[in-house]
Amino acid sequence: MTDLDPAKLPRHLAIIMDGNGRWAQRQGLVRTSGHERGADTIRLITTECAKRGLEQLTLYAFSAENWKRPRAEIQFLMRLLKKFLIRERPTLMENDVRLTAIGRLDDLPGPARAELDRSMQLTAGNGGLNLCLALSYGGRAEIVDAARALAREVAAGRMRPDDIDEESIAQRLYQPGPDPDLLVRTAGEMRVSNFLLWQVSYAEIYVTDACWPEFDLVELHKAFAAYAGRTRKYGGLVDPAPASLQRR
Ligand code: IPE
Ligand code: IPE
Ligand code: MG
């Protein structure tokens, strides 16, 4: 396996897990087999991120827009989520992983929501990786929800409009915390599909053609290596500009 400098790993990795259906179709299987295999990939990647000491792994598991899919596929995904949450508890505990979630969680069917709450409670004391599942998640909806929370505070007289700043918005997102350093998308699509719109402002983006069910440790390490080679500038300059360009 690649030698990875722990100092150059992202603190927070976010992944758009795409291509389950395409992977399955290519194997001559039904789309849902791709989702099943994708769940196995989640275990593999979570365990590796926990072992490498990442602070957070945020996985786009189901978008606010995915409710547009055929009923049968949604039903399959929600049942798979429930099974996954039950099945993965021992692995989460073994690896000191804390499970959390972002999104409009009240949209989830009762049984999936109940198992999610149980897993979150069970793992709440774990101090290792924060595995954050984005479920019924939309980046715009998240910003709308934060705006409503702020508007309520202004209406109640606890805040003035001018008190609203980046920090107060960030604090009202579903889960305040470090922004993703690296955003990975599998299956080749060059778009963010409404994922973490606020938080990815300065994330490094890495897109691979590998579909999520075939994304493995080699692929993950390739993404880490690409990230290690990036220069993050945040709008500033890394090296001082040549004297001829400096303003006097
Ligand atoms: C990602 O795979 C899983 C979800 C969005 C739930 P897709 O189901 O989007 O797979 P493709 O993009 O159709 O191949
Ligand atoms: C993004 O994938 C959502 C998840 C990975 C959960 P989609 O397959 O829904 O995205 P689009 O439709 O290709 O933009
Ligand atoms: Mg897709």
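By how many nm would the segment from K68 to W198 grow when fully extended, if each residue of separation counts as 0.36 nm and the alpha-carbon distance is taken off?
Full-extension gain reported as 44.4 nm.
Tell me the relative contact order for the range 79-134 as a rounded percent, counting alpha carbon contacts under 8 Å between residues six or more apart.
Relative contact order of the range 79-134: 51 percent.
Calculate, in nm to one decimal, what A149 and D239 gain on full extension: separation in residues at 0.36 nm each, minus their alpha carbon distance. Could the numbers behind the result be given before it?
Values: separation 90, 0.36 × 90 = 32.40 nm, distance 4.12 nm.
Result for the pair: 28.3 nm of gain on full extension.
Just the number please: accessible area per residue for the chain, 1.4 Å probe, all protein chains included, in Å².
With all protein chains present, the chain gives 53 Å² per residue.
Out of A112, A72, A14, any idea which swings most in a Gaussian network model of the chain, alpha carbons joined below 10 Å?
Most flexible of the set in this elastic network: A72.
Take every Cα pair under 8 Å in the chain that's 6+ residues apart, average their separations, divide by the length, and report that relative contact order as a whole percent.
It comes to 28 percent, rounded to a whole number.
Given a 1.4 angstrom probe, I'd like the percentage of the accessible area of the range 1-125 that is carbon and sulfur, rounded to a whole number. Before the final figure, lay out each step's value.
Values: 3220 of 6420 Å².
The value for the range 1-125 is 50 percent carbon and sulfur by accessible area.
Give, in nm to one decimal, the length gained when the segment between D165 and R26 is fully stretched (0.36 nm per residue of separation minus the Cα-Cα distance).
Going from the current span to full extension adds 45.3 nm.
Just to be sure I understand the curve: with the Debye formula and one point per C-alpha of the range 96-239, what is log10 I(q)/I(0) at q = 0.10, 0.17 Å⁻¹?
Those come out to -0.47, -1.22, one per q.
Rolling a 1.4 angstrom probe over the protein chains, ignoring ligands and nucleic acids, what is the accessible area of V154 in square angstrom, nearest 10?
That residue has around 40 Å² of solvent-accessible surface.
Could you pull out every residue, at least 5 positions away or on a different chain, whose amide H is within less than 5 Å of the one on G128? Hs are placed 1.01 Å off N in the peptide plane, and Pro or chain starts have none.
Correct list: R98.
Pick from D162, D216, D96 the residue whose mean-square fluctuation is largest in a GNM of the chain, springs joining Cα atoms under 10 Å.
D162
Of V97, C49, I74, which is farthest on the positive side of the dipole of the range 31-98, counting Cα position, with +1 on Lys and Arg Cβ, -1 on Asp and Glu Cβ, and the Cα centre as origin?
Positive-most Cα among the choices belongs to I74.
Please state the relative contact order of the range 7-105 as a whole percent: Cα pairs under 8 Å, 6+ residues apart?
Contact order relative to length: 31 percent.
Just E94, E36, E142 to compare: in a GNM of the chain, with alpha carbon springs under 10 Å, which one fluctuates most?
Maximum fluctuation in the GNM of the chain, among the listed residues, is at E94.
Amide H neighbours of T58 under 5 Å, counting only residues 5+ apart in sequence or on other chains, H built in-plane at 1.01 Å?
L13, A14, I15, C132
A187: net charge of surrounding residues, Cβ under 12 Å, Lys/Arg +1, Asp/Glu -1, itself excluded?
Taking every other residue near A187 into account, the sum is -1.
The values are calculated or read from the model by the stated rules, or taken from the named source; none is laboratory data. What you are looking at is a predicted structure, and each value in this text was computed from that prediction instead of being measured. Please note: Cβ atoms are built from the backbone with ideal geometry, for glycine as well, and neighbour counts cover all protein chains shown. Just the protein is used for accessible areas: all its heavy atoms, side chains included, with ligands, DNA and RNA removed. Shrake-Rupley method; radii C 1.70, N 1.55, O 1.52, S 1.80 Å.
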